[in-house]
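So the structure is just underneath, and the comments pick up after that.
No lab work stands behind these numbers, since they all come straight from the coordinates. Bear in mind that the values here come from a model prediction, so they are computed numbers and not experimental data. A quick note on method: Cβ atoms are made from the backbone with ideal geometry, for glycine too, and the neighbour counts reach across all protein chains shown.
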Amino acid sequence: VTLPRELFTELILINDLRAHGPSPETTQSASLILDRLDSFIPDAWSATQPSFQDDWRLLSSIFHAAMSLYAILSLQSSGALSASSPELALAQARHARRLFALLEPGMEAPKVKKRMLWPLVVAGVEAARASREVQAYIGQRLREMSRDQGCATPLVGKQVLERFWALGGGTWDDCFEEPVALVL
């Protein structure tokens, strides 16, 4: 298991919702997704795992922050959520701070490190608003993942993010103008 089932379900629903045009129904569905994400408790989920509960707690906390941030960024980009909502701006900042704080512990935990591609990419999109040091850290970690795992997928993510950062950022869809599969 890499991702708690509850979060994976929300990922599918987010991606499905992004395929629909903006409407009152998509806005309502997007709000319900955010509510369900807010109610997810990483500690409770990790307690159900038979072993390595500390690793699962860290991983589920990372994915919870990344999924919440992804939901806001991508659903705003698609028009399902308002891009000018002060409440969403606060939630985005909260989830970004949490994700950035968990990146280092995640990359230092051997069982978690190999599952960090997607959270690093989500953090990378948000890092367009952060310092060059944060961007360099994410790029370095993606390069290390590629080397350690012997595959180019993290380097593809790094290239996409570096192009986005060079443009000064923008929306989720500005970063991913073309479909990119960033899974290991």
Have a look at Ser39, Ser146, Ser74 and tell me which one the Gaussian network model of the chain (Cα, springs below 10 Å) gives the largest fluctuation. Ser39
Compactness of region 1-43, expressed as Rg and Dmax over alpha-carbon positions, Å: 11.4, 35
Within the set of other residues whose C-beta is less than 14 Å from the C-beta of Ala93, count the net charge using Lys and Arg as +1 and Asp and Glu as -1. +2
Computed about the Cα centre, the charge dipole of the chain from +1 Lys/Arg and -1 Asp/Glu charges at the Cβ has a magnitude in debye, to the nearest 20, of 500 debye
Just to be sure I understand: with springs between alpha-carbon atoms less than 10 Å apart, which residue in His95, His20, His64 has the highest mean-square fluctuation in the Gaussian network model of the chain? His20
Sequence-separation-based contact order of the chain, relative, with Cα cut under 8 Å and 6+ spacing, percent: 19 percent
Could you pull out the chymotrypsin sites (Phe, Trp or Tyr not before Pro) across region 1-66 that fall in loop regions by DSSP (anything but H, G, I, E, B) with no more than 15 other Cβ atoms inside 10 Å? Phe52
Mean Kyte-Doolittle of at least 0.0 plus a Cα span of 27 Å or more along the axis: flag which DSSP H helices in the chain meet both, please. 53-78
So, over other residues within a Cβ distance under 12 Å of Ser46, counting Lys, Arg +1 and Asp, Glu -1, the net charge is -2
Most fluctuating of Ala19, Ala136, Ala71 in the GNM of the chain (C-alpha, under 10 Å) is Ala19
Net charge of neighbours whose Cβ lies under 12 Å from the Cβ of Glu10, counting Lys and Arg as +1 and Asp and Glu as -1: -2
Shape verdict for region 24-84, please, from the Cα gyration tensor: rounded (a/c under 1.5), prolate (a/b greater than b/c) or oblate. prolate
